[in-house]
Amino acid sequence: MVFTSPVFLFLFLPFVLGMYFLLRKAYRNAFLFIVSSIFYFYGEQKMLLLMYLVILVNYSTGLALGELQQLRTANKLSERKGRCCQRITIISCITLCLALLWYFKYWNFTLLIFQKLADSLGFAYHISQVDKIILPLGISFYTFHCLSYSLDVYMNKMPAEKSLLRFATYVLMFPQLVAGPIVRYADIQRQFIERSISAVGFANGLRRFCFGFAKKILLANVAAKAVDKIFALPLESLDWATAWVGAVCYTLQIYFDFSGYSDMAIGLAALFGFHYKENFNYPYISRSVGEFWRRWHISLSTWLRDYVYINLGGNRVSPWRYNVNILLVFLLSGLWHGANFTFVLWGIWYGVFIILENLFLRKYFQNKTGLAHFYTLLVIVFGWVLFRADGVRYALRYWGIMLSFDLSGVAQVLDYLQNDILLAMALGALLSYDWRGAYKRLVLRFAAGSRQKFLLCKLLSYVAATGLFILSLTSVMSSTYNPFIYFRF
């Protein structure tokens, strides 16, 4: 079930909201657990029990870690034995969770690597892949949700959760279940015990949902029409201008698709009194690749920073080891997105540029704002081509066409620049920049201390959100199905 489907918008969400507010507060977590299970079961009937298993493993791990910590504190267990038992417990949990993730997502990819290695070494041995491994919906997200909890308990960042219901509801919460953002239990644990919903907070949640809905339908889906056609072309018939249009459209599509989903998830959570952290902060205004990753998919980048990069030593190691840590973290980031060499190289692509920035590029671009922004956008656009391509050879040839500057045959690009696509590209470029400061100054200047004028501005924002929602809904009813990109991960 996707947020943009009529089933979700007109059946599931109204029913859930209506029942939620009719129920007493003591039963609301249980209700969210049940309806979130139904939400997942609707799209992934066979894999709900697998998610329950991952939840139970991490819940039990948290309890075991908490009990071991209490025994150490009470001197009933020596420090050395206690730490050893805790280490064995967390390693067992991580191993089991990652083994499940690896099997469902990377097993055939691993066999393919071994097959290529055997072929390159001249071994006449065929490695059979497993047929029909079904990738469970959202497995990368809910695995990282669970592991963040277990690791936080292990590192004494939070106490173990004793209520299985609260922990299971956290993992299963349908706003962030299948495509993030990666919400840490430490950030919202108190909200499962006590939370309140104000009229303003509910209205702001609806507005956020509507704006995210419009991002997906009116910008991402429209840009996708050009992207799908252009990337389906034989490379022999692809010209320089069309290649650039495809790359730019995909750059806009993936941003507004994923940030739109995050907006919808954050807005939906607010309807139930939960407050999620931001997952995007206008990444395309970045002036370095490092800044881009501090603004893009913030929940994933901070997860990898806190649980992988810092535990590898971070920047507190020798220069060569620091560079290895950077490459490893970004390799994992690419691999997290999918079992394909393009994703692996996409991660390494960014790791290499961050290392180059640390070595000399940051110093070179210092005080060269326009050039730094242009360089960063080039790295991002070329990176998205690698991310979108079906294979590495295709991506390299596509790059070659983009760098050819061959103006012959560019007239065919007009076939992919219909009015709606041109409008989506223009609005996408405009909305990729942060206008919040200018908007706030405009509102303050208009209101000038008048509460009535300020409330009028708020009302207009709600009206605008409603109008965009209606317009987007009309588009949904008349267009073909186009799921969120990150549902694949």
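The values are calculated or read from the model by the stated rules, or taken from the named source; none is laboratory data. Remember, predicted model here, so these are calculated numbers, not experimental data. Reconstructed Cβ throughout: ideal geometry from the backbone, glycine too, with neighbour counts over all protein chains shown. Just so you know, the surface numbers come from the protein's heavy atoms only, side chains and all, with ligands and any DNA or RNA stripped out. Shrake-Rupley method; radii C 1.70, N 1.55, O 1.52, S 1.80 Å.
Here are some notes:
- Phi to ³J(HN,Hα) by Karplus 6.51 cos²θ - 1.76 cosθ + 1.60 over segment 265-272, Hz, x for Gly, Pro: 5, 5, x, 5, 4, 5, 5, 9
- Taking Cα centre as origin and charging only the Cβ of basic (Lys, Arg, +1) and acidic (Asp, Glu, -1) residues, the dipole magnitude of segment 81-230 rounds to 400 debye.
- The charge dipole of the chain, taken about its Cα centre with unit charges on the Cβ of Lys, Arg, Asp and Glu (plus for the first two, minus for the last two), comes to roughly 1860 debye.
- Of all stretches in the chain that contain no GluC sites (Glu not before Pro) in a DSSP loop with at most 13 other Cβ atoms within 10 Å, the longest one is 279-489.
- Helix-only [θ]222 nm of the chain, DSSP H runs n ≥ 4, -39500 (n - 2.57) each, per residue, nearest 500: -22000 deg cm²/dmol
- Potential extension, Glu236-Leu455 segment - 0.36 nm per residue separation minus Cα distance: 73.1 nm
- Per-residue SASA entry for Cys210, accessible area with 1.4 Å probe, Å² rounded to 10: 20 Å²
- With the alpha-carbon atoms of segment 344-423 aligned to their principal axes, the span from lowest to highest coordinate is 43, 31, 25 Å, starting with the largest.
- Among the trypsin sites (Lys or Arg not before Pro) found in segment 336-440, those both in a DSSP coil and sparsely packed, with 16 or fewer other Cβ atoms within 10 Å of their Cβ, are Lys368.
- Computed on protein heavy atoms with a 1.4 Å probe, the accessible areas place Asp119, Asp306, Asp390 in the order Asp390, Asp119, Asp306, largest first.
- Note that segment 83-98 has calculated 3J(HN,Hα) couplings of 5, 5, 5, 5, 5, 5, 5, 5, 5, 4, 5, 4, 4, 5, 5, 6 Hz, one per residue in order, obtained from phi through the Karplus relation 6.51 cos²θ - 1.76 cosθ + 1.60 (θ = phi - 60°); glycine and proline are x.
- In whole percents, the pair-distance distribution calculated for segment 270-426 from its alpha-carbon pairs, binned every 5 Å from zero, is 2, 8, 13, 17, 19, 17, 12, 7, 4, 2, 1, 0.
- Global size of segment 134-287 as Cα Rg and Dmax, reported in angstrom: 19.1, 61
- Fully extending the segment from Ala118 to Ala448, taken as 0.36 nm per residue of separation minus the present Cα-Cα distance, adds 111.5 nm.
- Shown for segment 79-175 is the translational diffusion coefficient from the Stokes-Einstein equation, using the Kirkwood radius over Cα pairs, a temperature of 4 °C and a viscosity of 1.567 mPa s: 79 µm²/s.
- Simple spin-label estimate for Leu332 and Arg80 in nanometres, 7 Å along Cα-Cβ: 3.0 nm
- Cα-based Kirkwood hydrodynamic radius, segment 221-273, one decimal, Å: 12.5 Å
- Segment 246-390, accessible area per residue, ligands and nucleic acids excluded (1.4 Å, Å²): 38 Å²
- Segment 345-475 - charge dipole about Cα centre, Lys and Arg +1 at Cβ, Asp and Glu -1, debye rounded to 20: 860 debye
- Once all protein chains are placed together, Lys81 keeps about 130 Å² accessible to a 1.4 angstrom probe.
- Restricting the calculation to Cα atoms, every distinct pair contributes to the Kirkwood radius of segment 351-489, found to be 20.2 Å.
- The Cβ shell under 12 Å around Phe341 holds other residues with a net charge of +1, Lys and Arg each +1, Asp and Glu each -1.
- Per-residue Karplus couplings for segment 462-468, computed as 6.51 cos²θ - 1.76 cosθ + 1.60 with θ equal to phi - 60°, are listed in order as 5, 5, 4, 4, 5, x, 5 Hz, Gly and Pro entered as x.
- Only alpha carbons enter this Debye calculation for segment 168-250, each as an equal point scatterer, and the log10 of I(q)/I(0) it gives at q = 0.16, 0.19, 0.21 Å⁻¹ is -0.81, -0.94, -1.04.
- In the context of the full set of protein chains, segment 20-151 has a per residue accessible area of 56 Å² (1.4 Å probe).
- In Å², nearest 10: area of Phe192 left accessible to a 1.4 Å probe: 10 Å²
- Kirkwood Rh in Å, taken over segment 256-353 so that all alpha-carbon pairs contribute: 14.7 Å
- At full extension, Ala411 and Ile197 could sit 71.5 nm farther apart than now, given 0.36 nm per residue minus the alpha carbon distance.
- Portion, in percent, of the accessible area of segment 208-252 that falls on carbon or sulfur, probe 1.4 Å: 71 percent
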